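Below is one structure, written out as structure tokens, with a few remarks after it.
The values are calculated or read from the model by the stated rules, or taken from the named source; none is laboratory data. Worth saying up front: this structure is predicted, and the values here are computed from it rather than measured. Quick reminder, even Gly has a Cβ in these numbers, built from the backbone with ideal geometry, and neighbours come from all protein chains shown. Accessible surface is based on the protein model in full, side chains and every heavy atom, while ligands, DNA and RNA are left aside. Shrake-Rupley method; radii C 1.70, N 1.55, O 1.52, S 1.80 Å.
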Amino acid sequence: MVQPEHDIALQDTDRLQGRAALVNNVKAAVALAGAVRSTLGPRGLDKMLVDSDGSSLVTNDGVTVLETAQIEHPTARLLIAASASQDKVARDGTTTTVVLTAELLQNALEMVRSGIHPSIVINGYGIAHDECLSELEGLSRVPSSQEEIRSVVSTSLAGKIGESLAGHLTGLATEAAELLSDEEGGDDLERLRVKRLPISGGSSTDTELVNGLVVAKTRFDRVTPSSSDGGRVAVIDGGLEGSKLEIDAEIEIRTAGVLQGFHKRVTENLQNQVDHLSSLGVDLLIVRDGISDEAVSMLRGAGITAYRRFERNDMEMASRITGSQIVRDVESLGDGDVGSYSSRSETVTAGVTYTRIDGGEGGAMTVLIRGSSPQIREECERAFDDALGVAFRLTRDSRMLPGGGATQTHLARHLRTFAPTNKGREQIAIEGYAAALEVIPRTLAENAGLSPIDEVLELSASQISDSKNGSWIGLNAWTGEKAHMDDLGVLDPLFVVSNSISGATEATISVLRINDVLWAKQDPMTPDWKDEEDQED
Ligand code: ADP
Ligand code: MG
């Protein structure tokens, strides 16, 4: 914050600090938006991010850019938080959120400069926001075919990856989402239930969806069979070891006889556990901890194939797809805890053994992410994550909107007719909000190498010229033509657009509030103040 140089009254100081703080905050927001706006849309450019250790990452994803960059400014952090929250809730629309917030702030600053108090802007923006949300409901519609759903998903991948990979990942994502559609769970369900397993080699288009669990592991005892056509499985959140007894018995060990007796007890204990598994018909054992060497021959003798050191997530997936209950140790395993799997197989890819386990219960799957380098696999995984996130959310709310700036153009026009129906200075803020929404078609045009001003004007004119379905006319970023976005298949989910508008508005309002507090001593009607330029730098 800039301190005023001159000795002026306290009341003035507050006022100046409020304005200077706003200028400073808007500058930070605009700078941040400047860092990601060139990635917006299908023709957005990629960013190369270089870490302090020299490792690099090429991405077209706004939120990845922001989360990787080390940014300190509190307003910038607030925008990053808005974008991260958009990512969490909607999995898409992160760049849009940041670009829109910066534009809303910039317009707010202009209004403040022309003498409108921040609290009026806050009110006006709030009214405009609510109006937008209800207008969006009316504009949206439900997809009329599976093909349209696929278009919505693939729009979220536009420009991030090549077209053939986008098509491929869209197919996998919609399939996975369909399989999950009956499952209950929160926002993260599609991340928890669909494991992503990067496997080196192959091309990204070899990425495949497996309706089962795949782990980079081999069976504990190579003599046991490498595959099976199914059977009964137990999942243990512990191990098959005699270690507990060892610790308890430590102090008693004084003579060889005691030691022998102790070993005998450990062996007996292990044998009892294996017998118990056998009596329950278990032929596949999965444990989180270790399996003692002594158990190998016992398990082999009982016809049980075992896997050790399973990760928590993998255990949970195994339990879900096979209908088994995870229990703490073998002793407490009951018949009802044992699940059934339909097949198990091991394959070797690029020198690593992978085990695949299928079960009849569903509800969890694995995506084998392929690609020739770790960077390519990571970008493919991020793209799949976006596609699945959108596809999964569409199974809960499939309403969609036209992309290509059509929605924002429509909203801007609507708000301009709506503004005069409001009383007072808020009208101006509503108009400022309308103008800010147009930053989306403007930036899409800019990134496509078109004239932003002309495109926005033409877009609005095209929308008006078609009285029936005009609001679905947007900009085809590839050709520069104005087209019905449903014909073109450029469609954004309603939840992405409405969340992004809400997130941007909230972030803007919270920045304006900071200044409102600083301005509290000032009469809202006080006109512009003159020393602004001195305060800005
Ligand atoms: P975000 O991080 O906000 O999702 P994107 O870079 O994914 O940013 O860009 C999303 C925007 O690009 C949306 O407004 C969407 O409608 C638009 N878009 C996607 N494909 C096209 C296209 N072919 N022509 C015009 N706009 C498109
Ligand atoms: Mg996107």
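Observations on the model:
- Karplus-derived 3J(HN,Hα) values for region 25-32, using 6.51 cos²θ - 1.76 cosθ + 1.60 with θ = phi - 60°, are 5, 5, 4, 5, 5, 5, 4, 5 Hz; glycine and proline are entered as x.
- For region 447-494: rounded, prolate or oblate by the Cα gyration tensor [a/c cutoff 1.5]: oblate
- Cα-projected label distance for Asp130 with Ser342, points at 7 Å along beta-carbon direction, nm: 5.2
- Global form of region 108-222, assessed from the alpha-carbon gyration tensor, a/c cut-off 1.5: prolate
- Accessible carbon and sulfur surface of region 213-361 relative to its total accessible area, %, 1.4 Å: 45
- Spin-label proximity, Ala216 to region 286-320 - amide N less than 18 Å from point 7 Å beyond Cα toward beta carbon: 308-315
- Farthest towards the positive end of the charge dipole of region 213-361, among the residues Thr224, Thr353, Leu213, is the Cα of Thr353, using unit charges on the Cβ of Lys, Arg, Asp and Glu.
- Counting Lys and Arg as +1 and Asp and Glu as -1 over every other residue whose Cβ lies under 12 Å from the Cβ of Met485, the net charge comes to -3.
- For region 311-470, the mean projected area of the C-alpha convex hull, equal to one quarter of the hull surface, is 18.1 nm².
- Taking every protein chain into account, the accessible area of region 213-361 amounts to 50 square angstrom per residue (probe 1.4 Å).
- Derived scalar couplings between HN and Hα for region 266-275 equal 4, 4, 4, 4, 4, 4, 4, 5, 5, 4 Hz in order, rounded to whole Hz, by the Karplus curve 6.51 cos²θ - 1.76 cosθ + 1.60 (θ = phi - 60°), x for Gly and Pro.
- Charge dipole of region 213-361 (Cα centre as origin; +1 on each Lys and Arg Cβ, -1 on each Asp and Glu Cβ, all else neutral): 360 debye, rounded to the nearest 20.
- Portion, in percent, of the accessible area of region 393-446 that falls on carbon or sulfur, probe 1.4 Å: 51
- Between Asp492 and Leu401, Gly403, the built amide H atoms are under 5 Å apart, and every one of these is 5 or more places off in sequence or on another chain.
- Dipole orientation for region 110-179: of the candidates Leu172, Gln146, Ile122, Ile122 has the Cα lying most toward the positive pole (charges on Cβ; Lys, Arg +1; Asp, Glu -1).
- For Met365, distant residues with modelled amide H under 5 Å away: Val194, Lys195
- Net charge of neighbours whose Cβ lies under 10 Å from the Cβ of Arg320, counting Lys and Arg as +1 and Asp and Glu as -1: -2
- Förster radius 51 Å - calculated FRET efficiency between Ser332 and Thr479 (Cβ-Cβ, nearest 0.05): 0.20
- Placing pseudo-labels 7 Å out from each Cα toward the beta carbon at Asn469 and Arg312 gives an inter-label distance of 5.0 nm.
- Lys/Arg +1, Asp/Glu -1 at C-beta; region 258-400 dipole; positive extreme among Ser373, Val296, Phe262: Ser373
- Percentage relative contact order, region 213-361, counting C-alpha pairs under 8 Å, at least six apart: 39
- Whole-number accessible area per residue in Å² for region 375-529, which is evaluated in the context of all protein chains at 1.4 Å: 40
- Rounded to the nearest whole Hz, the Karplus-based 3J(HN,Hα) values (6.51 cos²θ - 1.76 cosθ + 1.60, θ = phi - 60°) of region 445-457 follow the sequence 5, 4, 5, 8, x, 9, 7, x, 5, 4, 5, 5, 5, with x at glycine and proline.
- Pairs from Lys160/Lys195; Lys195/Lys217; Lys160/Lys468; Lys88/Lys160; Lys88/Lys482 whose Cα-Cα separation, in the structure shown, is over 24 Å: Lys160/Lys468; Lys88/Lys482
- Prolate/oblate/rounded label for region 213-361 (Cα gyration tensor, a/c 1.5): prolate
- The stretch between Arg77 and Ser227 holds 48.9 nm of extra length on full extension. This uses 0.36 nm per residue minus the Cα-Cα distance.
- Separation of the Ser119 and Arg141 label points, Cα + 7 Å toward Cβ, nm: 4.5
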